[in-house]
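Some notes on the structure that comes next.
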Amino acid sequence: MIFERKGKFLVGEWKRPNEKISKGQEILLKSLAKQENFVVLIVQGDTDGEMVVNKFWRVKNDKCNLQGESADDLKDFMNQWYEWADDSEI
């Protein structure tokens, strides 16, 4: 997933439980996470049919930090991201 608001980006890579991130994806996500206007998430869950979120992490400083464990947590995170992005000047 990718969202943009006023030059700020929220990128999310969805993986099913036990699905690995490829080396190329890892390099790309870490690189994007180092950019000032990017927030990068890795979401463990599924979007086939109903959206399921088991856990999600934010990629920052070459580390993944757990941010939530439900779809509601992800929605809250996305709302906070939107408020941050919306406050910026174009």
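Remarks
- Screening Asn65 on (1) farther than 14 Å from Leu10 by Cα; (2) of a type outside the set (A, V, I, L, M); (3) assigned to a strand (DSSP E or B); (4) in contact (Cβ under 8 Å) with a residue 12 or more places away in the chain shows it passes everything except condition (4).
- Any chance Asp62 is at pLDDT below 95 and under 15 Å from the mean Cα position of the chain (by Cα): yes
- Conditions (1) under 14 Å from Arg58 (Cα atoms); (2) surrounded by fewer than 17 Cβ atoms within 10 Å (Cβ to Cβ); number of the one not met by Val39: (2)
The values are calculated or read from the model by the stated rules, or taken from the named source; none is laboratory data. These figures come from a predicted structure and were not determined experimentally. A quick note on method: Cβ atoms are made from the backbone with ideal geometry, for glycine too, and the neighbour counts reach across all protein chains shown.
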